[in-house]
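Following: one structure in structure tokens, then a few remarks.
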Ligand code: GRF
């Protein structure tokens, strides 16, 4: 992939601190890509306010208005395409995507997850890590495939778990790492420094980081 500015669409469901990290990175010149649209599956969430304050167009596509996940995804694809989006970022987007979205943006959907995958996929990853008793956890930026948090890993950041951590304290420290990881992954992407390659021996797709 060669270096170029990307047209990004951001999908959100809630407070949007990862979105804010991208907006701030744009402001500070750490990201050059264009944030074409922020789409939420829930009306009235803080992420929409953050986008509006930054002058990024918003759209609400409520999953409740669709009879199936596929119908919802078909509308999402249309909204993203209308906005000229090439790459999609899931920034706290709490819906599982169907092949409708995955085919439309094949290997062009990025997710941020608050655990060191493949450990602790799914919801409440921070609680899963605490309950298990791991001493190191972290966050993962990965490409989205048909599984839940199972796609090719772009990058990870590790974090020590403290004995007195609660779900809230661990989540708060992890969130700061997520913001750094997401911006770093997207800047590698726009610099053309990610090589996505399927292994002929394992069949698994891996993402390699090219030197600057
Ligand atoms: C983050 O922890 C993210 O990893 C997870 O959902 C949370 C979203 O937070 N997928 P925010 O909406 O970006 O503040």
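We did not get these values from a lab; they are worked out from the coordinates using the rules stated. All values reported here derive from a predicted model rather than from experimental measurement. With ideal geometry, Cβ positions are generated from the backbone for all residues, glycine too; neighbour counts draw on all protein chains shown.
Return 184, 146, 178 ranked ascending by Cβ neighbour count within 10 Å, so the fewest neighbours appear first.
Numbers: 184 17, 146 11, 178 24.
Ordered from fewest to most neighbouring Cβ atoms within 10 Å, 184, 146, 178 come out as 146, 184, 178.
Legend: ranking of residues 162, 36 from fewest to most surrounding C-beta atoms inside 10 Å; resulting order 162, 36. Among 82, 163, 24, 168, a tally of other beta-carbon atoms within 10 Å of each Cβ gives an order, fewest to most, of 163, 168, 82, 24.
Counting every Cα pair in the chain, what percent are over 20 Å apart? Tail of P(r) above 20 Å: 57 percent of Cα pairs. Report the far tail of the P(r) of the range 1-123, meaning the percent of Cα-Cα pairs longer than 19 Å. Pairs farther apart than 19 Å: 46 percent. Per-residue ellipticity at 222 nm from helix content only, as computed over the chain with -39500 (n - 2.57) for each DSSP H run of at least four residues, stands at -10500 deg cm²/dmol.
Looking at the chain alone, DSSP beta bridges between its own residues are antiparallel in about 50 percent of cases.
Would you work out if the range 58-175 is rounded, prolate or oblate? Take a ≥ b ≥ c from the square roots of the eigenvalues of the alpha-carbon gyration tensor; rounded if a/c is under 1.5, else prolate when a/b is larger than b/c, oblate otherwise.
Details: a/c = 2.49, a/b = 2.09, b/c = 1.19.
Prolate, because a/c is 1.5 or more and a/b exceeds b/c.
Across all C-alpha atoms in the range 114-184, the radius of gyration and Dmax reach 11.5, 36 Å. Relative to the current alpha-carbon distance between residue 3 and residue 131, full extension at 0.36 nm per residue lengthens the span by 41.9 nm. Less than 18 Å from a label point 7 Å out along the Cα-to-Cβ axis of residue 202: which backbone N atoms in the range 133-161 qualify, by residue? Of the residues in the range 133-161, 140-157 have backbone N under 18 Å from the label point off residue 202. Both radii were evaluated on the Cα set of the range 31-83; the Rg over Rh quotient, with Rh as the Kirkwood radius, amounts to 1.01. For the range 6-62 versus the range 97-136, the spacing of their alpha-carbon centroids is 20 Å.
Using only the Cα atoms of the range 90-155, construct the convex hull and provide its projected area averaged over every direction, in square nanometres to one decimal. Please list the in-between numbers first.
Working: hull surface 16.6 nm².
With every direction weighted equally, the projected area is 4.2 nm².
What the Cβ-Cβ distance of residue 195 and residue 96 gives, at R0 = 25 Å and to the nearest 0.05, is a FRET efficiency of 0.35.
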